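K.L.:
I have a structure here, written as structure tokens, and I will follow up with some questions on it.
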Amino acid sequence: MTNSYNESDQALLNNLGQRIRELRTKSDLSQEKLAFTCDLDRTYIGSVERGERNVSIINLQKIATALNVELHELLNFKNE
């Protein structure tokens, strides 16, 4: 999948994806189980975790709710 994100934007998406993956694995959830709980497709969750999607705020809220964390906790990472 190709995109037109600059290096900084791509780093942000990658860091967000890593954070979601970290919280998902801490919760002992598969991508499939998280996706089902969020009412999103498993392939969508995978692409978010790989930093391939510019995920909407609504979907971020769905993911946070499914992970039993506050929305701001998804964004609790240092973007480098």
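K.L.:
Return yes when GLU22 is surrounded by 12 or more Cβ atoms within 10 Å (Cβ to Cβ), in a helix (DSSP H, G or I) and modelled with pLDDT of 95 or more and no when it is not.
P.N.:
Yes: the conditions hold for GLU22.
K.L.:
Report whether or not SER8 is surrounded by fewer than 18 Cβ atoms within 10 Å (Cβ to Cβ), touching a Lys or Arg at 6+ places or on another chain (Cβ under 6 Å), in a helix (DSSP H, G or I) and among the polar types (S, T, N, Q).
P.N.:
Details: surrounded by fewer than 18 Cβ atoms within 10 Å (Cβ to Cβ): yes; touching a Lys or Arg at 6+ places or on another chain (Cβ under 6 Å): no; in a helix (DSSP H, G or I): yes; among the polar types (S, T, N, Q): yes.
When the stated conditions are applied, SER8 does not pass them.
K.L.:
Same structure, new question: Going by the conditions given, is LEU34 in a helix (DSSP H, G or I), surrounded by 15 or more Cβ atoms within 10 Å (Cβ to Cβ) and in contact (Cβ under 8 Å) with a residue 24 or more places away in the chain?
P.N.:
Details: in a helix (DSSP H, G or I): yes; surrounded by 15 or more Cβ atoms within 10 Å (Cβ to Cβ): yes; in contact (Cβ under 8 Å) with a residue 24 or more places away in the chain: yes.
Spelling it out, LEU34 is indeed in a helix (DSSP H, G or I), surrounded by 15 or more Cβ atoms within 10 Å (Cβ to Cβ) and in contact (Cβ under 8 Å) with a residue 24 or more places away in the chain.
K.L.:
May I ask you to list the residues in the range 37-80 that are among the β-branched types (Val, Ile, Thr), within 22 Å of SER4 (Cα to Cα) and not in a helix (DSSP H, G or I)? So that I can check it myself, show each step before the final result.
P.N.:
Filtering the range 37-80 down to residues among the β-branched types (Val, Ile, Thr) leaves 37, 43, 45, 48, 55, 57-58, 63, 65, 69.
With the extra rule that they be within 22 Å of SER4 (Cα to Cα), the set shrinks to 43, 45, 48, 55, 57.
Within the range 37-80, VAL55 is the sole residue that qualifies.
K.L.:
Another question, then. Answer yes or no: is there a residue in the range 40-49 that is closer than 19 Å to GLU70 by Cβ and without any contact (Cβ under 8 Å) to a residue 12 or more places away in the chain.
P.N.:
No, that holds for no residue.
K.L.:
Given the criteria at pLDDT below 95 and surrounded by fewer than 16 Cβ atoms within 10 Å (Cβ to Cβ), does ASN54 qualify? Give the steps one after another, and end with the answer.
P.N.:
Numbers: at pLDDT below 95: no; surrounded by fewer than 16 Cβ atoms within 10 Å (Cβ to Cβ): yes.
No, not satisfied.
The values are calculated or read from the model by the stated rules, or taken from the named source; none is laboratory data. Fair warning: this is a prediction, and the values are worked out from it, not measured in the lab. Note that we place each Cβ from the backbone using ideal geometry, even for glycine, and neighbour counts take in every protein chain shown.
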